[in-house]
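One structure below.
The values are calculated or read from the model by the stated rules, or taken from the named source; none is laboratory data. Just so you know, these numbers come straight off a predicted model, no measurement behind them. Counting neighbours? That spans all protein chains shown, and the Cβs are built from the backbone with ideal geometry, glycine included. Ligands, DNA and RNA are stripped out before the accessible areas are found, and what is left, the full protein with its side chains, is counted by its heavy atoms. Shrake-Rupley method; radii C 1.70, N 1.55, O 1.52, S 1.80 Å.
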Amino acid sequence: MPIHVALNHVTEYRYDRRIQLGPQVVRLRPAPHSRTRVLSYGLHVQPGGHFIHWQQDPQSNYLARLTFPERTEHLRIEVDLVVEMAVHNPFDFFLEPDAEHYPFDYDAALAHELAPYRLITPATPRFASYLRGIARGRQRTVDFLVGLNQRLNRDIAYLIRLEPGVQTPEETLQLTSGSCRDSAWLLVQLARHLGLAARFVSGYLIQLTADVKPLEGPAGPQEDFTDLHAWAEIYLPGAGWVG
């Protein structure tokens with residue numbers, strides 16, 4: 001049975017004097033193609049008297065461009081979001097026959113459209129070594145991707161990292177640890193070097209306490225928890241973008 005979850009996200013800045021804010025671009029609205037159903041969305045900005053123009057970038061993400069004609073001592077951006085969370089089978093898809101086994105090639109038209117998601121960074125020493133350790137023999141595509149995820153989960157420890165920016169794949173492999181955005185970018189680059197179109201995705205992670213504790217396995221979070229999150233998606237013919 002679906003669960004409705006309300007999320008409130010506030011970003012606030014205060015200044016020691018009145019300043020003139022330049023144009024601000026806010027990327028805090030779920031994309032129209034997001035898997036989770038959005039029931040309501042509200043963006044509230046202070047100071048008042050601002051102008052807001054909604055745009056979409058080439059990937060169809062919503063962008064709110066804010067302009068402020070008056071000087072101000074503070075900036076507050078508040079998002080109110082209600083979403084419908086439901087059980088989802090991540091393997092509920094079919095692949096085109098030519099893509100059922102890895103490695104496969106995208107057809108010419110699809111390869112042209114996916115070109116931006118196949119751009120690769122240089123294969124630095126640790127990254128190249130890690131890449132060579134990934135078996136590329138013929139195998140079921142789903143099994144290959146599950147194995148790749150399991151390998152990263154085993155080799156890269158998850159940590160909460162408050163520093164800005166994303167680590168390079170080389171840094172993440174050297175440290176053998178990273179935040180979700182670091183592991184996601186490493187996975188994106190591995191997939192691209194392996195011939196797959198991949199993209200970096202960000203959003204919210206919402207974890208809820210279970211109504212009934214499981215008899216076996218992990219108990220899950222002890223309290224409801226929400227945070228910003230990042231992950232990777234790979235384009236599979238017949239299924240589309242798969243997280």
Practice item. Identify all residues within the stretch 116-140 that are out of contact with any helix residue (DSSP H, G or I) (no Cβ under 6 Å at 6 or more places or on another chain), of a type in the set (A, V, I, L, M) and open to solvent by less than 50 Å² (accessible area, probe 1.4 Å); write none if there are none. Key: Ala128, Ile134
Exercise for review: Please enumerate the residues belonging to the stretch 58-101 that are farther than 28 Å from Gly243 by Cα and in a helix (DSSP H, G or I).
Suggested key: none
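Which of the residues that make up the stretch 117-156 are in a loop (DSSP other than H, G, I, E, B) and under 18 Å from Ser183 (Cα atoms)? Walk me through how you get there before you give the answer.
First, pick out the residues of the stretch 117-156 that are in a loop (DSSP other than H, G, I, E, B): 119-124, 133-138, 156.
Selection gives Leu119, Ile120, Thr121, Pro122, Ala123, Thr124, Gly133, Ile134, Ile156.
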Study note, to complete from the structure: Among the residues of the stretch 70-92, the number that are farther than 30 Å from Pro47 by Cα and either touching a Lys or Arg at 6+ places or on another chain (Cβ under 9 Å) or at pLDDT 95 or above (or both) is 4
Review point. What do you reckon, is Pro23 over 24 Å from Gly243 (Cα atoms), open to solvent by 70 Å² or more (accessible area, probe 1.4 Å) and not basic (Lys, Arg)?
Key: yes
Check your understanding: From the set of residues in the stretch 141-185 that are surrounded by 14 or more Cβ atoms within 10 Å (Cβ to Cβ) and among the charged types (D, E, K, R), which is modelled with the lowest pLDDT?
Key -> Arg161
Point to revise | Any hit, the stretch 80-88, residues being within 30 Å of Leu236 (Cα to Cα) and among the charged types (D, E, K, R) | key: yes
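If you scan the stretch 46-97, which residues turn out to be among the hydrophobic types (A, V, I, L, M, F, W, C) and over 24 Å from Ala6 (Cα atoms)? I'd like the intermediate steps shown before the answer.
Our first condition is that a residue be among the hydrophobic types (A, V, I, L, M, F, W, C); within the stretch 46-97, this holds for 51-52, 54, 63-64, 66, 68, 75, 77, 79, 81-83, 85-87, 91, 93-95.
Of everything in the stretch 46-97, those that are among the hydrophobic types (A, V, I, L, M, F, W, C) and over 24 Å from Ala6 (Cα atoms) turn out to be Phe51, Leu66, Phe68, Phe91, Phe93, Phe94, Leu95.
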Review point. Of all the residues that make up the stretch 99-118, how many are over 22 Å from the mean Cα position of the chain (by Cα) and over 13 Å from Pro237 (Cα atoms)?
Key: 1
Review point. What are the residues in the stretch 103-124 that are free of Cβ contacts under 8 Å to residues at least 60 places away in the same chain and within 30 Å of Leu175 (Cβ to Cβ), if any?
Key: Pro116, Pro122, Thr124
Review point. So which pairs qualify, if the first residue must be in the stretch 125-137 and under 20 Å from Tyr102 (Cβ atoms), the second must be modelled with pLDDT of 95 or more and open to solvent by 60 Å² or more (accessible area, probe 1.4 Å), the Cβ gap must be under 7 Å, and the two must be at least 6 apart or on different chains?
Key: Arg136/Pro103
Point to revise | Condition broken by Gln55, with the remaining ones in (1) open to solvent by 40 Å² or more (accessible area, probe 1.4 Å); (2) in a strand (DSSP E or B); (3) in contact with an Asp or Glu (Cβ under 7 Å, 6 or more places away or on another chain) satisfied | key: (3)
